[in-house]
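Chemist: Dropping the structure in here first, questions after.
Computed from the coordinates by the stated procedures, all read-outs in this text should not be read as laboratory data. Keep in mind the model is a prediction, meaning the values are calculated, not measured. Quick reminder, even Gly has a Cβ in these numbers, built from the backbone with ideal geometry, and neighbours come from all protein chains shown.
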Amino acid sequence: MLLRQWRGNRRLSQLQLSAQAGVSARHLSFVETGRSQPTREMILRLAEELGVPLRARNTLLLAGGFAPAYPESALDGPQLGTVLAALRDVLAGHEPYPALLVDRHWTMVDANAAVGLFLREVPAELLEPPVNVLRLSLHPRGLAPRIRNLAQWRTHVLHRLDQQPTTTADPVLRALHDELLTLPGDRDPQAPNGLVVPLRFDAGGRELTFISVTAMLGTPLDVTLSELAIESFLPANDETARHLHKR
């Protein structure tokens, strides 16, 4: 049943998936309906072809009667210490440009000093951990009053968040999307212009324009690491770059 749900999320037919995974469509049908018990290797092969996140792969294995294949380490545990230290070096290397580390629910794990540019006028109570960066960006007492293209940025954030539950099957992200819809603000009905959606931010009366870039670890084998991402904000014009370098 779970495999069929993931196949449906990816909009693949049984024939398409069976061809990609190198199994017969008949056998795949039996697996999905429970008439055939898949091996551990078969579950992992199908999950790989479907691009199933590591957390959900462990769930598939448990449903099939197998032990999880991927460890899930605590962020503050010793197992991840070296990798997190390297990620903090990456954050520092982005300065003077803002960059932050987020988890699968867009909760801020860490940030470089340049992120203070965005947080300068945010009330302290909104910065009490855990801080959800998407909620903070659209909150009327958060960043929203200083985002000059708020309708466009809000549309971008909501669209991005709307796509993620389809990819990850995470109900928390769906609930976050529904929550952000209730925050005040318009959406931009126009098709976006240009190459990317910029963030036009009011920094003390000066408009700074950024483009956002998301980076993830390329070959994670730990569930926690696979769900971390670095969100960096790079200057979209020379004026923004000059201002950031002068700070």
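Chemist: Scattering from the C-alpha atoms of segment 8-62 alone, worked out with Debye: what is log10 I(q)/I(0) at q = 0.16, 0.18, 0.20 1/Å?
Modeler: So the normalised log intensities work out to -0.43, -0.55, -0.69.
Chemist: Based on the Cα atoms of segment 27-122, what semi-axes does the equivalent ellipsoid have, where each is the square root of 5 times one gyration tensor eigenvalue, given in whole Å with the largest first?
Modeler: Whole-Å semi-axes of the equivalent ellipsoid: 40, 14, 11.
Chemist: Could I ask something else about it? Once you place label points 7 Å from the Cα toward the Cβ at Gln163 and Ala92, how far apart are they in nm?
Modeler: 3.4 nm
Chemist: Can you figure out the FRET efficiency of Gln37 with Ser13, using R₀ = 30 Å and their beta-carbon distance, to the nearest 0.05?
Modeler: 0.85
Chemist: May I ask you to derive the FRET efficiency for Arg174 and Leu75 from their Cβ-Cβ distance with R0 = 30 Å, giving the value to the nearest 0.05?
Modeler: Efficiency, rounded to the nearest 0.05: 0.80.
Chemist: Also: If one puts a single equal scatterer on every Cα of the chain and applies the Debye formula without solvent, what log₁₀ I(q)/I(0) results at q = 0.07, 0.17 Å⁻¹?
Modeler: Log-scaled intensity ratios, in q order: -0.31, -1.27.
Chemist: Per residue of the chain, what 222 nm ellipticity follows from adding -39500 (n - 2.57) for every DSSP H run with n ≥ 4, rounded to the nearest 500?
Modeler: Taken over the chain, the calculation gives -13000 deg cm²/dmol.
Chemist: A further question on this structure: Give me the percent of Cα-Cα pairs in segment 161-247 that sit more than 23 Å apart, rounded to a whole number.
Modeler: 46 percent
Chemist: Here is a follow-up. Hey, what do the phi angles of segment 229-241 turn into as Karplus ³J(HN,Hα) couplings, whole Hz, using 6.51/-1.76/1.60 and θ = phi - 60°, x for Gly and Pro?
Modeler: Along segment 229-241, the couplings run 9, 9, 9, 10, 10, 9, x, 8, 8, 5, 4, 5, 4 Hz.
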